[in-house]
Amino acid sequence: MITATVIVAVVGAYIAFQQFWLASERLKLGLFEKRFSVFAAARLFLSKVAQNAGVSTEDYWQYRGAVAEATFLFDEDVIAFLDEIDSRAVHLWTVEEEMKGTPDGSNREMLARRVREELNWLTSQVPMLKPTFEPYMKFQEWHWIPCSTTCATPAPHGSSCAAAR
């Protein structure tokens, strides 16, 4: 009788552990998918800027909507990177609009130089996307590390808390 009870308890514990493990894997996958969608939106936006040699308001607002959750998914390094893309894109759009009403001359040349600078910066960020996002995308390296009594969520290996990555 005791042996059957012990076997049932061990099997129950094993099933509970498997459910716990599966839930943590689903959490990692969900987080990966959300992070990847932010990466893909940034890549698409920068590609469109490069392809069109400028920023359209439609592309800009599509980008802004797609990266809105980034604050909750990444650390400051990625947030700052996305904010800089945002700021430079707005500046590029503003200068392009200003340039439309400016006649030929030295002021137009200065505006054209500013457009080129912003375009060069934005297009140079395409190869920077992967190294910037990569540390957050390697979910196979994450481990379940209880950070404290209030933060017991999955964190990448070496991090102190899930909020850190």
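The values are calculated or read from the model by the stated rules, or taken from the named source; none is laboratory data. Source: prediction; values computed, not measured. For neighbour counting, all protein chains shown are included, and Cβ atoms are generated from backbone atoms with ideal geometry for every residue, glycine included.
Given (1) of a type outside the set (A, V, I, L, M, F, W, C); (2) in contact (Cβ under 8 Å) with a residue 24 or more places away in the chain; (3) outside any helix (DSSP H, G or I), identify the lone condition not met by residue 103.
So residue 103 meets the others, but not (2).
Please specify each residue of segment 66-82 satisfying the condition of being out of contact with any Leu (no Cβ under 6 Å at 6 or more places or on another chain) and part of a helix (DSSP H, G or I).
If the condition is that a residue be out of contact with any Leu (no Cβ under 6 Å at 6 or more places or on another chain) and part of a helix (DSSP H, G or I), then 66, 71, 72, 73, 76, 77, 78, 79, 80, 81, 82 are the ones that fit.
In this structure, does residue 73 turn out to be in contact (Cβ under 8 Å) with a residue 60 or more places away in the chain and either among the β-branched types (Val, Ile, Thr) or within 21 Å of residue 138 (Cβ to Cβ) (or both)?
Criteria met by residue 73.
Within segment 13-65, restricting attention to residues that are among the aliphatic types (A, V, I, L, M) and within 15 Å of residue 133 (Cα to Cα), which residue is surrounded by the most Cβ atoms within 10 Å (Cβ to Cβ)?
If we take residues in segment 13-65 being among the aliphatic types (A, V, I, L, M) and within 15 Å of residue 133 (Cα to Cα), then 42 is surrounded by the most Cβ atoms within 10 Å (Cβ to Cβ).
Kindly indicate the residue of segment 5-43 that is more than 17 Å from the chain's Cα centre (by Cα) and among the aromatic types (Phe, Trp, Tyr) and also modelled with the lowest pLDDT among those meeting that condition.
Checking each candidate, the answer is 21.
When the residues of segment 71-82 are filtered to those that are surrounded by 14 or more Cβ atoms within 10 Å (Cβ to Cβ) and modelled with pLDDT under 95, which remaining residue is nearest to residue 132 (Cα to Cα)?
74
Going by the structure shown, is residue 46 touching a Leu at 6+ places or on another chain (Cβ under 8 Å) and in a helix (DSSP H, G or I)?
yes
Results for (1) in a helix (DSSP H, G or I); (2) modelled with pLDDT of 95 or more; (3) touching a Gly at 6+ places or on another chain (Cβ under 9 Å), shown as yes or no for each residue.
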residue: 84; (1), (2), (3): yes, yes, no
residue: 87; (1), (2), (3): yes, yes, no
residue: 90; (1), (2), (3): yes, yes, no
residue: 97; (1), (2), (3): yes, no, no
residue: 119; (1), (2), (3): yes, yes, yes
residue: 128; (1), (2), (3): yes, yes, no
residue: 148; (1), (2), (3): no, no, no
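Out of everything in segment 103-134 that is in contact with a Leu (Cβ under 8 Å, 6 or more places away or on another chain) and polar (S, T, N, Q), what residue ends up being surrounded by the fewest Cβ atoms within 10 Å (Cβ to Cβ)?
123
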